[in-house]
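All remarks here apply to the structure that follows.
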Ligand SMILES: Nc1ncnc2c1ncn2[C@@H]1O[C@H](COP(=O)(O)OP(=O)(O)OP(=O)(O)O)[C@@H](O)[C@H]1O
Ligand SMILES: [Mg+2]
């Protein structure tokens, strides 16, 4: 499976989710490649902060030729996860075209919902070349013990792409683990955050991409 975690909005959790999905897939025994398509290099910084070898490979491909450059590299892996760049750009288009599934993290706020227009447009443009391109929203940073506001749920339902059932909550473990190049699956593998990440990965795999 080739999936791109993409949203032009900054700070929605693209890198966090890309790293965590990669780790969860690797724990299943799969050979996983995380492609850092963000010139900021956050995923590469994450890997560099880690003491031991990450449980999956991390490479930087942050040029708009990504969709051309990836296939020969990807052939040695079971899954490729692309950590997409912020902003609408040729690089973002290339990351989407390189993928079979686009996972769009979105925070449960009306601002994020409105801003999703842009990524929907990019996905629709890419679908012209790639008929089988699938895409899903995943809600990230839900405040624990709160419901997703009905207005947010209703607004997302207006868009043409489905919302995954699994929701990722706001938890300090996501930020804390990143500081040392780890994930919540390293620091608390049975904790609530890890459970959400494993459920998310399972739901993504069940899409059968
Ligand atoms: N579920 C979460 N709980 C707590 N903190 C989170 C969660 N998701 C992301 N964060 C934190 O929010 C910040 C932004 O997340 P992240 O870097 O993954 O977003 P991004 O979409 O990749 O940003 P950019 O657009 O700059 O690449 C980081 O400090 C990260 O640790
Ligand atoms: Mg990022």
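Coordinate-derived values only; no laboratory data. Quick caveat: nothing in here was measured; it's all calculated off a predicted structure. Cβ: placed from backbone, ideal geometry, glycine included. Neighbour counts: every protein chain shown.
Please state the shape class of the stretch 2-205: rounded when a/c is under 1.5, otherwise prolate if a/b exceeds b/c and oblate if not, all from the C-alpha gyration tensor. Judged from the Cα gyration tensor, the stretch 2-205 comes out oblate (a/c at least 1.5, b/c at or above a/b).
For the stretch 161-195, backbone nitrogen atoms closer than 20 Å to the point 7 Å from residue 130 Cα along Cα-to-C-beta are found at 161-164. Mind running the shape call on the stretch 41-158? Use the C-alpha gyration tensor, a ≥ b ≥ c as the square roots of the eigenvalues: rounded below 1.5 for a/c, prolate if a/b tops b/c, oblate otherwise. Oblate is the answer for the stretch 41-158, as a/c is 1.5 or above yet b/c matches or exceeds a/b.
Contact order for the stretch 2-205, expressed relative to its length and based on alpha carbon pairs under 8 Å spaced 6+ residues apart, stands at 25 percent. In this label model, residue 170 and residue 50 are separated by 2.8 nm, measuring between points 7 Å along each Cα→Cβ vector.
What is the stretch 91-194 by shape, rounded, prolate or oblate, if you read a ≥ b ≥ c off the alpha carbon gyration tensor as root eigenvalues and call it rounded for a/c under 1.5, prolate for a/b larger than b/c, and oblate otherwise? Oblate. Most tightly packed first, judged by the mean number of other beta-carbon atoms within 10 Å of their residues, the peptides 174-183, 80-89 read 80-89, 174-183. Remark: the residue 179-residue 118 segment gains 18.9 nm on full extension, using 0.36 nm per residue and subtracting the alpha carbon distance. One Cα centroid belongs to the stretch 22-40, the other to the stretch 164-195; the line between them spans 15 Å.
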